[in-house]
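Q: Below is one structure. I have some questions about it.
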Amino acid sequence: MSAGDLAHLHPVIRDLAQADDAARLLAIRSKRWITHQPAARVLDCLQDAFEQPPGDRMENLLLIAESGMGKTMLLRKFQRDHSQPLDETTGVTPQPVVLALMPEEPSEEAFYVQVLKAVSASFVLPSRRHRLSTRETTFRLLRELGTRMLMIDEINSVLVGSARQQRYFLQLLRFLSNELQVAIICAGVPEARFALRSDPQLRSRVADIALEPWTIGPDFEAFVTLLVQGLPLRQPSPVDSTKLRRLLLERSGGITLSICRALERAATAAIRSGSERIDLASLDDAAIWRGLQPIATGAARLRPAALVRAQA
C-alpha cells in the first residue's frame, strides 16, 4: 500500500496505517491531543491571563465544561506548553504554570497539600497548629519556582463543604491571588458558578470561559474530520455525511469523550472486521455506544444538599 492510497489520513499516521493490526489497535487506544477551534479559543484566553504582569488585582478565570468535554486535558496541555528545562545554575526546574486538583474537602490544609503534590514537593500532612508554616512553605516554593499561574481543577468540589467552608475557601482564593500576584484559573462543571458567584469580591475578579457541548456546525465538522484522520484505517471514512455527524451528536449528547470513544470503538471494529472504514451503519451499532449515554447536566446532577448550600 502506497502513501498515495492513504491520503485520507494525517501524514504522521500514514506509516502507522501500514503496520500490523496489533500496533494499530494499540495506537487507537493511546491518548492524544486533538487541537480544535473551541479548545484553541480557551487556550488563547489562558495565554492572555498568563501574560498579565503581576499586580494587586489579577484577572482570574473560571473554565466551565460538562464532565467529559476535555477540560483537564486542555489544562494539562497548557501546562506542558509552558514547561521549562532545569536551571543548571540553581538546580531548580521552573514551574510557571502549576496544575493542582481541588481536594475532596474544601479546607486550607487539604488545599496546600494538593498544591505541594502538584509541584512534587516532599511533605507530611500538617496538623492544625502547623497550618501557617505549611502555607508559608507553599508560598515560598511557588515563588522559587517562578509560578505565574495556579490552575485548580474540579473546583466544583467546593460545593460538598458547608456554607462556612465554602466562604472560607473563596476567601482563600482571593488571598492567594493577592499575596502571590498570580493568575488563578478554576475549572469545573457548570455548578461551580454557584460557589464563585456567591462571593461578590471574587465574582468581580473572575471571568467565565466555557467549553460547550458540541453542536452541528463547522467546528464540529472539522473536529470529527481531525479525529478520523488520526485513526490508522486503510480506507476513507465518509465523515462528511450529515447523517453520520447527527448520529454522533444525538448519541453522545455533544460530549467530547463520548464522541472520541465511539469513533475509537468503531475504528477498532473496522480493523478487526477488515472493513477498514467507519460509516453510518458501523456507528449505529449498539455495542459502539455501550456506556456512552449522554451525561446528566445541570442541577439534576447536584445532590440536593449541595444545591441548597450553593444557593444559600
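The values are calculated or read from the model by the stated rules, or taken from the named source; none is laboratory data. Just so it is clear, the model here is predicted, and its values are computed rather than measured. In this analysis, Cβ positions are derived from the backbone assuming ideal geometry, glycine residues included, and neighbour counts consider all displayed protein chains.
Q: Does residue 63 meet the test of being surrounded by 12 or more Cβ atoms within 10 Å (Cβ to Cβ) and at pLDDT 95 or above?
A: yes
Q: For the condition of a type outside the set (D, E, K, R), over 30 Å from residue 283 (Cβ atoms) and surrounded by 17 or more Cβ atoms within 10 Å (Cβ to Cβ), what is the one hit in 211, 176?
A: 176
Q: Here's something else I'd like to know. Which condition number in (1) farther than 30 Å from residue 20 by Cβ; (2) charged (D, E, K, R); (3) over 22 Å from the mean Cα position of the chain (by Cα) is the one that residue 240 fails?
A: Result: residue 240 fails condition (1) only.
Q: Would you mind stating whether residue 262 is without any contact (Cβ under 8 Å) to a residue 24 or more places away in the chain, crowded, with 20+ Cβ neighbours inside 10 Å, closer than 15 Å to residue 28 by Cα and under 25 Å from the mean Cα position of the chain (by Cα)?
A: Against the criterion (without any contact (Cβ under 8 Å) to a residue 24 or more places away in the chain, crowded, with 20+ Cβ neighbours inside 10 Å, closer than 15 Å to residue 28 by Cα and under 25 Å from the mean Cα position of the chain (by Cα)), residue 262 does not qualify.
Q: Could you say whether any residue in the stretch 233-251 is among the aliphatic types (A, V, I, L, M), over 19 Å from residue 34 (Cβ atoms), assigned by TED's automatic domain parsing to the domain that holds residue 265 and assigned to a helix (DSSP H, G or I)?
A: Checked the stretch 233-251: at least one residue is among the aliphatic types (A, V, I, L, M), over 19 Å from residue 34 (Cβ atoms), assigned by TED's automatic domain parsing to the domain that holds residue 265 and assigned to a helix (DSSP H, G or I).
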